């Protein structure tokens with residue numbers, strides 16, 4: 001299994017991850033009914049975000065915390081939602097990649113989820 005080394009790897013990872021979260025009974029509704037994410041439109045933005053987080057490059061400029069605060073105003077984000085998201089994220093990484101960047105993206109995801117839980 002290879003490590004995450006490129007934007008193409010991040011695109012694959014995010015497509016695979018979102019396929020899982022969209023159909024998840026605990027958090028799917030946040031993506032499909034509340035945020036109403038169109039994956040084709042959202043994918044370049046989320047890949048920009050993770051490219052910036054992982055490789056320290058990219059053009060992501062949005063306030064990810066505010067986006068999630070706005071989502072929380074529509075439907076409360078609870079601990080189970082964060083845990084489910086994180087579990088699916090980690091499983092998706094582990095099922096597809098192995099290496100330094102794979103571990104780093106999981107650590108960054110945990111850090112982001114932790115900060116969001118505290119600030120929302």
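Values in this text are rule-based calculations from the coordinates and carry no lab data. Quick caveat, the model's predicted, so the values are computed rather than measured. Glycine gets a Cβ as well: all are built from the backbone with ideal geometry, and neighbour counts include every protein chain shown.
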Practice item. Could you tell me how many degrees, from 0 to 90 and to the nearest 10, lie between the Cα long axis of helix 100-119 and the main elongation axis, the longest principal axis, of the Cα atoms of the chain? Key: 20 degrees
Point to revise | Value of [θ]222 nm, deg cm²/dmol, for the chain, DSSP H segments ≥ 4, -39500 (n - 2.57) each, nearest 500 | key: -23000 deg cm²/dmol
Exercise for review: Neighbouring Cβ atoms within 10 Å as the yardstick, rank 116, 1 fewest first.
Suggested key: 1, 116
Study note, to complete from the structure: Matching label for the computed mean projected area of the Cα convex hull in nm², out of [x] 7.2; [y] 7.8; [z] 6.8, is [z]
Practice item. Kindly express, to the nearest 10 degrees and within the range 0 to 90, the angle between helix 79-96's C-alpha long axis and the longest C-alpha principal axis of the chain. Key: 20 degrees
**Study point:** Likely footprinting exposure, 45, 79, fewest C-beta neighbours within 10 Å first
**Key:** 79, 45
